[in-house]
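K.L.:
This is the structure I want to talk about, given as structure tokens.
The values are calculated or read from the model by the stated rules, or taken from the named source; none is laboratory data. What you are looking at is a predicted structure, and each value in this text was computed from that prediction instead of being measured. In this analysis, Cβ positions are derived from the backbone assuming ideal geometry, glycine residues included, and neighbour counts consider all displayed protein chains. For accessibility, only protein heavy atoms count, side chains too; no ligands or nucleic acids. Shrake-Rupley method; radii C 1.70, N 1.55, O 1.52, S 1.80 Å.
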Amino acid sequence: MGSVNTVLNFGAGPAKLPQEVLEYVQKELLNFNGMGMSVMEISHRSKEYMKINSDAQKSVRELLKVPDNYKILFMQGGGTGAFAAVAMNLMNRTGTADYCVTGTWSSKAAQEAAKYGKVNYVFPVAKKPGSIPDQSTWKLDPNASYVYYCANETVDGVEYDYIPETNGVPLVSDMSSSIMTKEFDVSKFGVILAGAQKNIGPAGVTVIIIRDDLIGNPMKICPSVFDFTNIDKNSSIHNTPATFSVYVMNLVFEWIKKNGGVPEMERQAAKKSELLYNTIKESNGFYSCPIDANCRSRMNIPFRVGGAEGNEALEEKFLAEAQKLNMHQLKGHRSVGGIRASLYNAVLYSDVQGLVNFMLEFKKYNS
Ligand SMILES: *Cc1c(COP(=O)(O)O)cnc(C)c1O
């Protein structure tokens, strides 16, 4: 077995999971709950699995203070599946929806929704993501079935530091890469969607939090596995769920509770991202972040090496040397280039210190 502790994993997703959770999974992998079988080998309708499922739902409610009139669903199909599911379950009301496009993921969501109804772009799509137009310039359609935005653009590093005002139109948010990293008021939302594989678990399960009055009006064409009504009625065990993923996610929720809950995740996120942004700021332009200061992500921090446009040869060297020091998955998304460090809940402050120390050294020898 490799010495896992020495690896610093800054991957954007699937991403680092808490070490304690992985060790716990390993410990009971062959014998779950004294059953003599792995959790992967038991029926999804067994009382043991149903308990995992309901414990995990209770934890979402507790950790995010979800009000009673909201349902918590576990689905498959990833964030991308949820893009379609949201449109097929909600767009029926008026046939149109508003989309705030601030980067890769909201752009994909809008394109998916356009298959099922009319999509209104709330503001012009920037050629290069990196800013959020002021709310006073937004063109919201009062007749929209919902207003959609992506709370944190994982690829581009753009994050809202506020909840948009929609004047009563249901608000839908993709929180795939920011859920449980910040306290917020769930009652401001119609639907929240989040793939687990960034902050709360392994790939394979998507969490949906939905206000109950928005359930029950799916399009006729909506597949039963994407129908929120159906998933809710069957407590998210309509068909075989991603049982192992839900099991691990449930353990991650316990880990978050043990480590101070969402308020402490938020405190850590601020501390970790500030350390990295300050290092970039104080590098006299050797490192640079192209994102507007008022919407810089606390989770995914893209930056260039060797000037604002980035020096690709230097960036290659940066990645190679980082890799030698066991710092992994720092390459920027292929559509953006440069470097990207993702600082999700399981990434420790000391991991970021390690990265920052390397950045200071690298600058010393390469500028
Ligand atoms: C990763 C991600 C997605 C896509 O998730 P898949 O599970 O790959 O479909 C969507 N939105 C955001 C913000 C993401 O970070």
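K.L.:
Being within 16 Å of the ligand (Cβ to nearest atom) and of a type in the set (S, T, N, Q), is that true of even one residue in the range 145-162?
P.N.:
Yes, the range 145-162 contains a residue that is within 16 Å of the ligand (Cβ to nearest atom) and of a type in the set (S, T, N, Q).
K.L.:
Let me ask you something else. Can you tell me which residue is nearest to SER236 (Cα to Cα) among those in the range 84-101 that are in contact (Cβ under 8 Å) with a residue 60 or more places away in the chain and under 18 Å from the mean Cα position of the chain (by Cα)?
P.N.:
ALA85
K.L.:
In the range 168-180, what residues are out of contact with any strand residue (DSSP E or B) (no Cβ under 8 Å at 6 or more places or on another chain) and either without any contact (Cβ under 8 Å) to a residue 40 or more places away in the chain or within 11 Å of the ligand (Cβ to nearest atom) (or both)?
P.N.:
Selection gives GLY168 alone.
K.L.:
Look through LYS51, LYS47, LYS71 and report the one residue that is over 30 Å from GLN353 (Cα atoms), in contact with an Asp or Glu (Cβ under 8 Å, 6 or more places away or on another chain), open to solvent by 20 Å² or more (accessible area, probe 1.4 Å) and away from the ligand (no atom under 16 Å from the Cβ).
P.N.:
Within the list LYS51, LYS47, LYS71, the selection yields LYS71.
K.L.:
Turning to a different aspect of this structure: Would you mind finding the one in GLY36, GLY78 that is under 23 Å from MET265 (Cβ atoms), out of contact with any Cys (no Cβ under 8 Å at 6 or more places or on another chain) and outside the structural domain of VAL347 (by TED's automatic domain parsing)?
P.N.:
When all the criteria are applied, what remains is GLY78.
K.L.:
In the range 228-244, is there at least one residue being within 13 Å of the ligand (Cβ to nearest atom), among the hydrophobic types (A, V, I, L, M, F, W, C) and touching a residue at least 60 places away in the same chain (Cβ under 8 Å)?
P.N.:
Yes, because at least one residue in the range 228-244 is within 13 Å of the ligand (Cβ to nearest atom), among the hydrophobic types (A, V, I, L, M, F, W, C) and touching a residue at least 60 places away in the same chain (Cβ under 8 Å).
K.L.:
Turning to a different aspect of this structure: Hey, among GLY190, GLY216, which residue is more than 23 Å from MET40 (Cβ to Cβ), open to solvent by less than 10 Å² (accessible area, probe 1.4 Å) and more than 14 Å from the ligand (Cβ to nearest atom)?
P.N.:
Going through GLY190, GLY216 in turn, just one is more than 23 Å from MET40 (Cβ to Cβ), open to solvent by less than 10 Å² (accessible area, probe 1.4 Å) and more than 14 Å from the ligand (Cβ to nearest atom): GLY190.
K.L.:
Turning to a different aspect of this structure: Can GLY103 be described as crowded, with 21+ Cβ neighbours inside 10 Å, in contact with a Gly (Cβ under 7 Å, 6 or more places away or on another chain) and of a type outside the set (A, V, I, L, M)?
P.N.:
Taking the combined requirement at face value, the residue does not satisfy it.
K.L.:
Does LYS198 satisfy the criteria of being among the basic types (Lys, Arg) and crowded, with 24+ Cβ neighbours inside 10 Å?
P.N.:
Criteria met by LYS198.
K.L.:
Next up: Looking at ASN53, ASN9, ASN31, which one is at pLDDT 95 or above and touching a His at 6+ places or on another chain (Cβ under 7 Å)?
P.N.:
Selected residue: ASN9, the only one of ASN53, ASN9, ASN31 that is at pLDDT 95 or above and touching a His at 6+ places or on another chain (Cβ under 7 Å).
K.L.:
Could you go through the range 316-336 and let me know if any residue there is surrounded by 23 or more Cβ atoms within 10 Å (Cβ to Cβ) and part of a strand (DSSP E or B).
P.N.:
no
K.L.:
Then there is this: For the range 102-130, give me each residue that is within 12 Å of the ligand (Cβ to nearest atom) and either farther than 16 Å from TYR149 by Cβ or under 17 Å from the mean Cα position of the chain (by Cα) (or both).
P.N.:
Of everything in the range 102-130, those that are within 12 Å of the ligand (Cβ to nearest atom) and either farther than 16 Å from TYR149 by Cβ or under 17 Å from the mean Cα position of the chain (by Cα) (or both) turn out to be THR102, GLY103, THR104, TRP105, SER106, SER107, LYS108, ALA109.
K.L.:
Another one. With the condition kept exactly as written, say whether any residue in the range 353-363 is at pLDDT below 95, outside the structural domain of THR181 (by TED's automatic domain parsing) and open to solvent by 20 Å² or more (accessible area, probe 1.4 Å).
P.N.:
No, the conditions are met nowhere in the range 353-363.
K.L.:
Got a number for residues in the range 1-60 being of a type in the set (Gly, Ala, Ser), within 30 Å of GLU321 (Cα to Cα) and touching a helix residue (DSSP H, G or I) at 6+ places or on another chain (Cβ under 8 Å)?
P.N.:
Looking only at that region, the number is 0.
K.L.:
Taking only the range 135-159 into account, find how many residues are out of contact with any Asp or Glu (no Cβ under 9 Å at 6 or more places or on another chain) and surrounded by fewer than 24 Cβ atoms within 10 Å (Cβ to Cβ).
P.N.:
5
K.L.:
If you check GLU165, GLU183, which single one turns out to be surrounded by fewer than 24 Cβ atoms within 10 Å (Cβ to Cβ), more than 16 Å from the ligand (Cβ to nearest atom), of a type outside the set (A, V, I, L, M, F, W, C) and under 18 Å from TYR344 (Cα atoms)?
P.N.:
When all the criteria are applied, what remains is GLU183.
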